[in-house]
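The values are calculated or read from the model by the stated rules, or taken from the named source; none is laboratory data. None of these values were measured; they are calculated from a predicted model. Using ideal geometry, Cβ is built from the backbone for each residue, glycine included, and neighbour counts are taken over all protein chains shown. Accessible surface is based on the protein model in full, side chains and every heavy atom, while ligands, DNA and RNA are left aside. Shrake-Rupley method; radii C 1.70, N 1.55, O 1.52, S 1.80 Å.
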Amino acid sequence: MERVNLKTYYKNCKKKYEFAGKVAERCGVTLNAVINWCNFYAKPGDNLKMQILSEESGIPIEDLFNRELN
């Protein structure tokens, strides 16, 4: 599988709001917060949220916000 970052994953995700809603619920944040993370407008403030994003997307933590990846 090609390495992608969170922004690319979200852009190509067929069930964007289902993904963002599940992450929001698990992280205890708003849907808007997750969408902001997915669009690189903000980053999660702690490692637990990064771990949840990694688990739900299947992207390694070090690649989530790697701007060098597509």
>> All but one of (1) out of contact with any Ser or Thr (no Cβ under 8 Å at 6 or more places or on another chain); (2) hydrophobic (A, V, I, L, M, F, W, C); (3) open to solvent by 30 Å² or more (accessible area, probe 1.4 Å) hold for I61; state the number of the condition that does not hold.
In response: (1)
> Given (1) more than 20 Å from N70 (Cα to Cα); (2) touching a Cys at 6+ places or on another chain (Cβ under 6 Å), where does Y10 come up short, assuming only one miss?
Replying inline: (1)
>> Considering only residues that are out of contact with any Pro (no Cβ under 8 Å at 6 or more places or on another chain) and not acidic (D, E), which ones fall in the range 53-70?
In response: S57, G58, I59, P60, I61, L64, F65, N66, R67, L69, N70
> So is L48 open to solvent by less than 30 Å² (accessible area, probe 1.4 Å), assigned to a helix (DSSP H, G or I) and not basic (K, R) or not?
Replying inline: no
>> Against the conditions (1) hydroxyl-bearing (S, T, Y); (2) in contact (Cβ under 8 Å) with a residue 40 or more places away in the chain; (3) open to solvent by 20 Å² or more (accessible area, probe 1.4 Å), where does T30 fall short? Just the number, please.
In response: (2)
